[in-house]
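K.L.:
One structure is given below, represented as structure tokens, and several questions about it will come after.
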Amino acid sequence: MKKQVEMCLGDQIRSERYRKNLSQLSLSQQCGLHRSYIGLIERGEKNITVINCMKVANALGISLSELIARVESSLISRDCLAEVS
């Protein structure tokens, strides 16, 4: 289940990055993280810390709570949320 949460978070970050027409490099520069780290997050291969998640959300122009709400909504639509508890 942990992997599904990480993948869902990565999907939401990637989707918002696409909406903002940002490359991984430009996003990484805006939030002070390495470009390859952004790629790992987007592919669900890295368990991001809350601090780094806040940096990414801020760089995308959304709040951390909005990002988490999108992840939760996506997990609900995939019928995965019950497995997290």
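Laboratory data are not the source of any read-out in this text; all were calculated from the coordinates shown. Computed from a predicted model, the values in this text were never measured in an experiment. In this analysis, Cβ positions are derived from the backbone assuming ideal geometry, glycine residues included, and neighbour counts consider all displayed protein chains.
K.L.:
What number, in nm² with one decimal, is the all-direction average of the projected area of the convex hull of the alpha-carbon atoms of the chain? Don't skip to the answer; put the middle values down first.
P.N.:
Values: hull surface 19.7 nm².
Average of the hull's projected areas for the chain equals 4.9 nm².
K.L.:
Is it possible to state the helix-based mean residue ellipticity at 222 nm for the chain, with each DSSP H run of 4+ residues giving -39500 (n - 2.57), the sum divided by total residues, to the nearest 500 deg cm²/dmol? What is it?
P.N.:
Here the helix-only value at 222 nm equals -22000 deg cm²/dmol.
K.L.:
In the range 11-56, what is the volume of the convex hull around the alpha carbon atoms, normalised per residue and reported in Å³?
P.N.:
Hull volume over Cα atoms, normalised by residue count, gives 62 Å³.
K.L.:
Within the chain, report the GluC sites (Glu not before Pro) that DSSP leaves as loop and that have at most 13 other Cβ atoms within 10 Å.
P.N.:
For GluC sites (Glu not before Pro) across the chain that sit outside H, G, I, E and B with at most 13 neighbouring Cβ atoms in 10 Å, the list reads Glu45.
K.L.:
Cα axis of helix 50-60 to longest principal axis of the chain: angle in degrees, 0 to 90, nearest 10?
P.N.:
Tilt of helix 50-60: around 60 degrees.
K.L.:
At a Cα cut-off below 19 Å, give the lysines reachable from Lys20, other chains included and same-chain residues fewer than 8 away excluded.
P.N.:
Answer for Lys20, where 19 Å is the Cα cut-off: Lys55, listed by chain and number.
K.L.:
Which net charge results for the neighbourhood of Ile13, defined as the other residues with beta-carbon distances under 14 angstrom from its beta-carbon, given Lys and Arg at +1 and Asp and Glu at -1? Present the calculation step by step, with values, prior to reporting the outcome.
P.N.:
Numbers: positive: Arg14, Arg17, Arg19, Lys20, Arg35, Arg43, Lys46, Lys55, Arg70; negative: Glu6, Asp11, Glu16, Glu42, Glu45, Glu66.
Combined, the nearby Lys, Arg, Asp and Glu give +3.
K.L.:
Contour minus end-to-end for Tyr37 and Lys20, with contour as 0.36 nm per residue of separation and end-to-end as the Cα-Cα distance?
P.N.:
Length difference between fully extended and current span is 4.2 nm.
K.L.:
Compute the signed sum of charges (Lys and Arg +1, Asp and Glu -1) over the other residues within less than 14 Å, Cβ to Cβ, of Asn58. Please list the in-between numbers first.
P.N.:
Details: positive: Arg17, Lys20, Lys55; negative: Glu16, Glu66.
Neighbourhood net charge equals +1.
K.L.:
Using the charge dipole of the chain (Lys, Arg: +1 at Cβ; Asp, Glu: -1 at Cβ; taken about the Cα centre), state which of Leu22, Ser74, Asn58 has its Cα farthest towards the positive end.
P.N.:
Result: Leu22, furthest along the dipole toward the positive end.
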